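Read through the structure below, which is laid out as structure tokens, and then see the notes.
Throughout, read-outs are computed from the coordinates displayed, never taken from laboratory work. This one's a predicted model, so the numbers in the text were calculated from it and none came from an experiment. Neighbour counts run over all protein chains shown; Cβ positions are idealised from the backbone, glycine included.
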Amino acid sequence: MYTKIMTHEAYMQAAIEVAKQTRTQGGTAIGAVLVSNKTGEIIASGGSSVGITHDPTSHAEVTCIRNASRMLSTDNLCDCTIYSTLEPCMMCLSAATWARIPKVYFGAYRKDVDASLFDIKGFVSDERQATRMNLREDAQMQVHGGILEAECAQLLQGYHDHIEAA
């Protein structure tokens, strides 16, 4: 899976594949990949395994960041970009900030999926919140959504019904 890809859509497609694999393992169909800005290679991935691990911090982005940090033996991922199939929650956006990840791209917006996936009510925009995030390198985080939006939202269709049945 660790091959060089070049487009935002291709990276998001890789995150979608992680989400699909996570769903087959019993997790929520949310996936993330971390890309080296220097080589263009996917260096880590992660899926949402909250329900599997009973760890409320096991979101796809956090799992991906943990995997990358462990593999690279560093907590400074300033030369990386993260792609997630769903607009990150505030915990995941903060984790990206603490890891000094300067760019976050996501697929589906909060408005595209069941509201029970988020614990923040009302309109919140990661694209706006990112302007307030401090990367400790005197740099501003950039967050952009809507990459393969419909395909990413489709992954979570029926999420609430699935949780109710469990």
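The slack between His54 and Gln157, meaning 0.36 nm per residue of separation minus the straight C-alpha distance, is 34.9 nm.
Highest mean packing comes first when the peptides 65-73, 39-47, 14-22 are listed by Cβ atoms within 10 Å, giving 14-22, 39-47, 65-73. Describe numerically, in nm with one decimal, the distance between label points set 7 Å from Cα along Cα→Cβ at Thr7 and at Gln140. Placing both labels 7 Å beyond Cα along the Cβ direction yields 2.9 nm. Rounded, prolate or oblate: which fits region 24-118, taking a ≥ b ≥ c as square roots of the Cα gyration tensor eigenvalues, rounded meaning a/c under 1.5, else prolate when a/b beats b/c? Cα axes put region 24-118 in the prolate bin.
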